[in-house]
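Data block below; observations after.
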Amino acid sequence: MEDKRPRKQTVPAARPESEWRRVAHGRAYAERREPDIELRSNPRKTIPIEVVLNYGQIHSEVVPIRDLTMGGVFVEMTAIELHEGALLELMLRYRYKDRHIEHRLPAQVVRVTPDGVALRFGDYDDDAYTDLVDLLYAM
């Protein structure tokens, strides 16, 4: 004979509130993480070029790139006037297959260290996307 009483459903236990935090762009990250866990979603490539950073109303600085990804860049500089959350423009200029490439990419400071600044790119167009793919994977 089959039991027709409703079965009690089990719900997975929620993670403790202290384990997760919400950041401005809505993604959840673990506060406690293992040192070997990589949180970057894009592969990095070291490229020996310099970019121009335009920030504030009149500040412009030429700085070398340490790591470049499709989502952002780490530039080597002393970040005296930049703080986390600051908005700026990154001008990327280089030559590829006898073409002069130049893109102005919006960026936001996501991390400041003593030896540089990590920037996350804002939205960019299809041409910039194609040229970044070529720069990262074809060169």
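A few comments on the model shown:
- Annotation note: Cβ proximity below 9 Å between a residue of the stretch 81-104 that is within 17 Å of Leu136 (Cβ to Cβ) and a residue that is among the small types (Gly, Ala, Ser) and in a strand (DSSP E or B) (sequence gap 6+ or interchain) occurs for Leu90/Ala107.
- Close contacts from the stretch 47-68, counting a first residue that is touching a residue at least 12 places away in the same chain (Cβ under 8 Å) and closer than 18 Å to Ile101 by Cβ and a second that is among the polar types (S, T, N, Q) and not in a loop (DSSP other than H, G, I, E, B), with Cβ to Cβ under 9 Å and a gap of 6+ residues or different chains, come to Val52/Ser60; Leu53/Ser60; Asn54/Ser60.
- Number of the exception - Val110 against (1) loosely packed, with under 14 Cβ neighbours inside 10 Å; (2) in contact with a strand residue (DSSP E or B) (Cβ under 7 Å, 6 or more places away or on another chain): (1)
- Every residue from the stretch 63-92 that is closer than 14 Å to Arg120 by Cβ and not in a loop (DSSP other than H, G, I, E, B): Asp67, Leu68, Gly72, Val73, Phe74, Val75, Leu87, Leu88, Glu89, Leu90
- Restricting Asp67, Asp126, Asp131 to residues that are out of contact with any Ser or Thr (no Cβ under 9 Å at 6 or more places or on another chain), crowded, with 16+ Cβ neighbours inside 10 Å, of a type in the set (Asp, Glu) and modelled with pLDDT of 85 or more narrows the list to Asp131.
- All of (1) at pLDDT 80 or above; (2) assigned to a loop (DSSP other than H, G, I, E, B); (3) of a type outside the set (A, V, I, L, M, F, W, C); (4) under 17 Å from the mean Cα position of the chain (by Cα) hold for Glu38 with one exception: (1).
- Single condition His100 does not satisfy, out of (1) at pLDDT 90 or above; (2) surrounded by 14 or more Cβ atoms within 10 Å (Cβ to Cβ): (2)
- Flag for Arg95 being under 16 Å from Ile49 (Cα atoms) and more than 15 Å from the chain's Cα centre (by Cα): yes
The values are calculated or read from the model by the stated rules, or taken from the named source; none is laboratory data. Being a predicted model, the structure only gives us computed values, none of them experimental. Here the Cβ is made from the backbone with ideal geometry for all residues, glycine too, and neighbour counts use every protein chain on show.
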